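The values are calculated or read from the model by the stated rules, or taken from the named source; none is laboratory data. Note that the structure is a prediction, hence the values are computed from the model and not measured. As a convention, Cβ positions derive from the backbone with ideal geometry for all residues, glycine included, and neighbour counts pool all protein chains shown. Keep in mind that these areas ignore ligands, DNA and RNA; they rest on the heavy atoms of the full protein, side chains included. Shrake-Rupley method; radii C 1.70, N 1.55, O 1.52, S 1.80 Å.
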Amino acid sequence: MELSYGPVAKVSVEDLGSVRVLRLNRPEVLNAIDGETAALLESAIVGFAGDRSARVLVVTGDERSFSTGADLKNVASLGRRPGWERTGPLGFARLDPGKPAVAAVEGYCFAGGLELALWCDFRIAAEGAEFGVLNRRWGISLVDGGTQRLRSVLGVGNALYLLDTGARVDTAWALRNGLVQEVVPRGAALARALELAEQIASYPQASLLADRKGLLRATGLETGLRLEAELGYATLNDPETARLLEDFARGERPASPRPPA
């Protein structure tokens, strides 16, 4: 079964047995997320949660970009989307389907795209993928779970390194520091994620889901997400951010630091 959402299929969903593939499909903007895309992400995740035949979700983009996060040329649409406060602006941050999700990352995985990858249980990355909190350049806070999940996945020091510097890191750094769990050849991230998802789906589910729930509930994530929203939303009206978004719309792209080889 394959379903497409939206008039230009900004999000597509395909069932492969008990594994469901959710694909961002806005290649012209490196799979950036606008209000419509966020609503479709929410719908797809809620649909996955409620479908007992779908056991594992694989989230992916295309060979050039997993996602570069919020569509900064249409950022206002995120706040106009009904229900954004409930889910987070990009449509996923506060949703837990109660079942595993795996990110298959090729290419760029920046800002809110990194938050989406972190929302997944774990990440498979292809060689050449890049990660970073590049929204630091534009004065945009992480308000879709990034502050909490970066700390949980990377630890405080590595999380603050990405948050403070806006560094752009490669798969070697990501694997070494636990941001991704496997690195595969270019073009193979989805195939490997599907292989693992099929294995996960084959296990008895009651014990797997209980263990997953116990681990995630122990992190205090819900409290952290509320704090993130409270602090991050307060920055949205910062005049400097408004000026930097105008720079972005004009095509200005300040360089991001990179760790030494």
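List of remarks:
- Inter-probe distance in nm under a simple model that places probes 7 Å from Cα toward Cβ, at Ala206 and Arg186: 4.8 nm
- Karplus 3J(HN,Hα) series, Hz, for region 122-134 with 6.51 cos²θ - 1.76 cosθ + 1.60 (x for Gly, Pro): 7, 10, 10, 10, 8, 3, x, 5, 9, 9, x, 8, 6
- Phi angles of region 144-160 translate, via the Karplus equation with coefficients 6.51, -1.76, 1.60 and θ = phi - 60°, into HN-Hα couplings of 10, x, x, 5, 7, 6, 4, 4, 5, 7, 9, x, 4, x, 5, 5, 5 Hz per residue; Gly and Pro are given as x.
- With a cut-off of 11 Å on the backbone N, the residues of region 76-95 near the modelled label site 7 Å out from Val46 along Cα-Cβ are 82-84, 86-87.
- Taking trypsin sites (Lys or Arg not before Pro) across region 16-62, the ones in a DSSP loop with at most 14 further Cβ atoms lying within 10 angstrom of their Cβ are Arg52.
- Assuming charge only on the beta carbon of Lys and Arg (+1) and of Asp and Glu (-1), the dipole of region 108-186 about its Cα centre is about 160 debye to the nearest 20.
- Three-way shape call for the chain based on the alpha-carbon gyration tensor, with the a/c threshold at 1.5: rounded
- Carbon + sulfur, % of accessible area of the chain - ligands and nucleic acids excluded, 1.4 Å: 55 percent
- Stretchable slack from Arg258 to Glu63, in nm (0.36 nm times residue separation minus alpha-carbon distance): 68.0 nm
- Per residue value of the accessible surface for the chain (all protein chains in place, 1.4 Å probe), Å²: 46 Å²
- Anisotropy class of region 73-145 from Cα gyration tensor, a/c 1.5 cut: oblate
- Amide proton proximity set for Glu130, modelled H, under 5 Å, gap of 5+: Gly107, Tyr108, Cys109
- Relative contact order [Cα under 8 Å, 6+ residues apart], region 121-211, whole percent: 43 percent
- Environment charge at Gly128 (Cβ cut-off 11 Å; Lys +1, Arg +1, Asp -1, Glu -1): -3
- Taking other residues whose beta carbon is less than 14 angstrom from the beta carbon of Pro97, and scoring Lys, Arg as +1 and Asp, Glu as -1, yields +3.
- Using Cβ point charges alone (K and R +1, D and E -1), the dipole size of the chain about the Cα centre works out to roughly 300 debye.
- For region 1-131, the gyration tensor built on C-alpha atoms gives a rounded shape. Its axis ratio a/c (a ≥ b ≥ c) stays under 1.5.
- Relative to the current alpha-carbon distance between Gln199 and Glu240, full extension at 0.36 nm per residue lengthens the span by 10.0 nm.
- When you restrict to C-alpha pairs under 8 Å that are six or more residues apart and normalise by the size of the chain, the relative contact order lands at 18 percent.
- Relative contact order of region 1-134, defined on C-alpha pairs under 8 angstrom at six or more residues apart (%): 24 percent
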